[in-house]
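Taking it in order: structure first as structure tokens, then the write-up.
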Amino acid sequence: MPLIRLPAPSRTVTGEGKRPHRITLSDHALQTTVWPKLRPVLLDYPDLRVELHSDNGMRNIVEERFDAGVRLGESIDRDMIAVRIGPDWRLVAVASPDYFRRRPAPKAPQDLVGHDCINMRQATFGGLYAWEFAKEGRDLRVRVEGQLTFNTSIAMIDAAMSGYGIAYVPEDLVSHHLLGGRLELALDDWSPPFPGYHLYYPSRRQVSPAMAVVVDVLRYRN
């Protein structure tokens, strides 16, 4: 990847007027990775315009005229330049202690069939997300059922804490609830990590000075 020279912080860093740089990403990527990194730096670049389009779909950034997108590393097309911006993370199955007192915790993914589960509606295709598990080289996808379906992880977590069933959500969003005893973990050994989030953009597109700032700020350095 060619070296990108970054301009010093100034009010004329972009040189592109007030056109916003549009990035599509999930609500989880926005909350845990992109916004925490951008928030303190934007004060140094007051003329840098960024539009963060949050949904859980798989957008075509070329057709929909986004400057970049954020996805897991395993799901990015090969004709894109991808820059890692976050660590590996995983989804975990959680429910309230009250729910697991009423219904024994599942020991294997197949046991979810007999449970109330909180579904996630996928934005791109409109279908329900099939929960993905893996253990010792064995991959399983389970389609679950339950009373509730959402399209955001935050609502799923709230429903799980209220005792409505099992949710399959990013671990970093529920770690404090697990430590506080408000949620309990199930199927821990069936929940492997995903490759971390990557910022991606077309390889044939020249990187603007403003986009170079965004790329450098978001780059994962651990």
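The values are calculated or read from the model by the stated rules, or taken from the named source; none is laboratory data. What you see is a predicted model, and the numbers here were worked out from it, not measured in a lab. All Cβ positions, even for glycine, are placed from backbone atoms using ideal geometry, and neighbour counts span all protein chains on display.
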>> Can you pull out every residue in the range 135-156 that is surrounded by 14 or more Cβ atoms within 10 Å (Cβ to Cβ) and either in contact (Cβ under 8 Å) with a residue 40 or more places away in the chain or in a strand (DSSP E or B) (or both)?
In response: 135, 140, 142, 149, 150, 151, 152, 153
> Any chance the range 159-171 includes a residue that's free of Cβ contacts under 8 Å to residues at least 60 places away in the same chain and surrounded by 14 or more Cβ atoms within 10 Å (Cβ to Cβ)?
Replying inline: yes
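Residues checked against (1) within 14 Å of residue 111 (Cα to Cα); (2) of a type in the set (A, V, I, L, M, F, W, C); (3) at pLDDT below 95:
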site: 148; (1), (2), (3): no, yes, no
site: 153; (1), (2), (3): no, no, yes
site: 161; (1), (2), (3): no, yes, no
site: 164; (1), (2), (3): no, no, no
site: 189; (1), (2), (3): no, no, no
> Going by the conditions given, is residue 132 within 29 Å of residue 218 (Cα to Cα), out of contact with any helix residue (DSSP H, G or I) (no Cβ under 6 Å at 6 or more places or on another chain) and touching a residue at least 24 places away in the same chain (Cβ under 8 Å)?
Replying inline: yes
>> Tell me yes or no: at least one residue of the range 181-202 is more than 25 Å from residue 114 (Cβ to Cβ) and part of a helix (DSSP H, G or I).
In response: no
